[in-house]
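In what follows, a single structure is set out as structure tokens and then discussed.
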Amino acid sequence: MIRKRWNYLDFKTVPEAARGNGRIPWCEIDENGVLYFTQSNEVTELRMLRASDMTFLGTVPLDRTLYKVQGGELLNGRMILVTNEGKREKNIYAVDLATGHVEVLFVRCTGKLDAEGEGIAVYPAADGSVLHILDAGKCGVRIGSFALKS
């Protein structure tokens, strides 16, 4: 196996005024260099920074409050958010970036009461799955893969 060295290039600080409650569990950067993030709990907006210099660009106010947001990924112009709200059933939300409208994309069952929804990746795999969601807890760590219904 060939190991490549990674060179440290830069470290940028998220401006205090942009942080909200200070806990930022995830971020996503789009093709235009806009960094999106939320605070973790009582999420009422997506926040945006210019990734190159951390300039605060504004917010996308949400039309409902979300709780325990653990990850976000862009898919077809919408921000897909994974949460750790609820017990066994966890909502996956889609946020329209233009309007802030939030809809439940689907509900997934973790199968174990102690499993927490932790992160999300968008990757179109050969089996047709597109969303890959990480759950972790005493039950172990697993990744659920989800395909769009036809």
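Mind listing just one residue for me: the one in the range 98-129 that is assigned to a strand (DSSP E or B) and in contact with a Leu (Cβ under 6 Å, 6 or more places away or on another chain) and, of those, surrounded by the most Cβ atoms within 10 Å (Cβ to Cβ)?
VAL102
So is ARG47 of a type outside the set (A, V, I, L, M, F, W, C), out of contact with any Gly (no Cβ under 6 Å at 6 or more places or on another chain) and under 21 Å from GLU118 (Cα atoms) or not?
Working: of a type outside the set (A, V, I, L, M, F, W, C): yes; out of contact with any Gly (no Cβ under 6 Å at 6 or more places or on another chain): yes; under 21 Å from GLU118 (Cα atoms): yes.
So ARG47 passes the test.
In this structure, does VAL82 turn out to be within 13 Å of the chain's Cα centre (by Cα), modelled with pLDDT of 95 or more and either part of a strand (DSSP E or B) or of a type in the set (Asp, Glu) (or both)? Steps first, answer last, please.
Values: within 13 Å of the chain's Cα centre (by Cα): yes; modelled with pLDDT of 95 or more: no; either part of a strand (DSSP E or B) or of a type in the set (Asp, Glu) (or both): yes.
So VAL82 fails the test.
Suppose we filter the range 6-26 for residues that are surrounded by 14 or more Cβ atoms within 10 Å (Cβ to Cβ) and without any contact (Cβ under 8 Å) to a residue 24 or more places away in the chain; how many remain?
Of all residues in the range 6-26, those surrounded by 14 or more Cβ atoms within 10 Å (Cβ to Cβ) come to 14, 18-20, 24-26.
Next, from what is left, pick out any that are without any contact (Cβ under 8 Å) to a residue 24 or more places away in the chain: 19, 24.
Number satisfying all stated conditions: 2.
The values are calculated or read from the model by the stated rules, or taken from the named source; none is laboratory data. Note that this is a predicted model, so its numbers are computed, not measured. Positions of Cβ are generated from backbone atoms using ideal geometry, with glycine treated the same way; all protein chains shown enter the neighbour counts.
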